[in-house]
Amino acid sequence: MLLTVAGHQIQINSFNAELDANFKNLYAAYFGSGTCEWDKLNMAAKCFFQQNWGRREFNKAHDDYFGNFIPIWEQFFLSRRFSEAENIWRQALTPALELVGEMGCDGIHKGTPYYFSGMTAIIRGNLEQGFLLMHQAYEEDRATFDTKIPNNPALAFVTLDFGNERQAFRDWVLDHARFLESSINAYVALYNREFSLDSFRRHFLSPEDNIERAIYFVYILARIKTLWEIREQPGRVLRSDFAGELVMDVLFGLIRGIEDSIVNRNPNNSNGMYGAQVKYLAESAGCSFSTSLTGIYDFKEKDLDDFLTERLAIHRGNIVQDKQTDILITYAIRNNAGHMIVPSKIVRDYFETIIQACLNV
């Protein structure tokens, strides 16, 4: 259905006379000088959903309904009126959520509004809300198509699938993929290894392998990149003790992902302690790992900054990076951040070096 409102031509989906009339009023209200009565639109929408009840059988009809709100959202989004952009999706969802509550079960596919709401929240700067909404979009797709790996935009986002061109938020995915690739390139240059971003995705972000780990890693990567960008801003806002605590928290999340990857590859992983997993990793990398070498099995009793200063040779002005140091840094941070609040000045001040060391592992 092609509308002309205040000189603008807008293509939207057509359904039935009542719902179409309400959508015409909606567009007249947002693009012209008309009025939309949300109560009437919501009633018409609920009747439409009742007639098209069943998320798998009628997901296309549901997508078409929510798709009619995209041009309005886009107007607000492109002009950076994010509150109004988010609100249009809350309005769009209202009749669907009301009907689901009344029916006592969920027969409506709602991936579109959650996906675009998540996209808006992330661009607005609310990372947690954005990821929650994006993952709700992914859960909607899972439930509708009865698979953990639905080939939809939400899956591309949560697994950093930059090759999928059918996603509205691909620029964000590409930006974070390039950020990750820069760390991979640094690892390749340091250790003279053949490894690429594609290899990383196949080994660690494949939805067929471990979708939960992939999702968690992408969230942690987004937090790391956010801190990285804040650090590059003027004002030295990452120089406080709280900044050190925040960085430690993000690193702990990253190392949890590393630990999960090791456990899934360690044939002798009956010992759940991270030390045992690190020992396996070190031996696999051709490094030695023993209590006499590291002295950090009781690392909680030691001072983290002293250890990192010594291990990285910071006091000698020449940062040391090798496989053993990378592995030991993850162990030191895991042992501390997992048990106490540690506002490490070295982790804070050498943020890029520590992050790179952990990603090297």
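Things to note:
- Check on Asn25, farther than 21 Å from Asn87 by Cα and free of Cβ contacts under 8 Å to residues at least 60 places away in the same chain: no
- Of all residues in the range 28-37 being in a helix (DSSP H, G or I) and of a type in the set (A, V, I, L, M, F, W, C), the one that is surrounded by the most Cβ atoms within 10 Å (Cβ to Cβ): Phe31
- Meets criteria (under 13 Å from the mean Cα position of the chain (by Cα), surrounded by 16 or more Cβ atoms within 10 Å (Cβ to Cβ) and part of a loop (DSSP other than H, G, I, E, B)) for Leu155: no
- Annotation: Glu74 fulfils all but one of (1) at pLDDT 95 or above; (2) surrounded by 17 or more Cβ atoms within 10 Å (Cβ to Cβ); (3) under 22 Å from Ile12 (Cα atoms); the unmet one is (2).
- Selection from the range 121-144 of residues that are touching a residue at least 24 places away in the same chain (Cβ under 8 Å), more than 19 Å from Asp161 (Cα to Cα) and in contact with a helix residue (DSSP H, G or I) (Cβ under 9 Å, 6 or more places away or on another chain): Ala121, Arg124, Thr144
- Flag for Gly107 being out of contact with any Gly (no Cβ under 9 Å at 6 or more places or on another chain), crowded, with 16+ Cβ neighbours inside 10 Å and small (Gly, Ala, Ser): no
- Hits in the range 261-310 - residues which are assigned to a loop (DSSP other than H, G, I, E, B), touching a Lys or Arg at 6+ places or on another chain (Cβ under 6 Å) and modelled with pLDDT of 70 or more: Ala285, Cys287
- Among residues that are modelled with pLDDT of 95 or more and not basic (Lys, Arg), Leu19 is included.
- Enumeration of residues in the range 148-186 that are under 25 Å from Leu78 (Cβ atoms) and of a type in the set (S, T, N, Q): Asn152, Asn164, Gln167
- The listed residues are Phe200, Phe242, Phe179, and the only one of them that is in a helix (DSSP H, G or I), touching a residue at least 60 places away in the same chain (Cβ under 8 Å) and not β-branched (Val, Ile, Thr) turns out to be Phe242.
The rows are residues; the columns are (1) at pLDDT 95 or above; (2) surrounded by fewer than 18 Cβ atoms within 10 Å (Cβ to Cβ); (3) among the polar types (S, T, N, Q).
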| site | (1), (2), (3) |
| --- | --- |
| Leu133 | yes, no, no |
| Ala143 | no, yes, no |
| Lys148 | no, yes, no |
| Asn151 | no, yes, yes |
| Leu190 | no, yes, no |
| Phe200 | no, no, no |
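- The numbered conditions (1) surrounded by fewer than 18 Cβ atoms within 10 Å (Cβ to Cβ); (2) more than 25 Å from Arg256 (Cα to Cα) are all true for Glu181 except (2).
The values are calculated or read from the model by the stated rules, or taken from the named source; none is laboratory data. Model, not experiment: these values are computed from the prediction. Don't worry about glycine lacking a Cβ; one is built from the backbone with ideal geometry, like all the others, and counts go over all protein chains shown.
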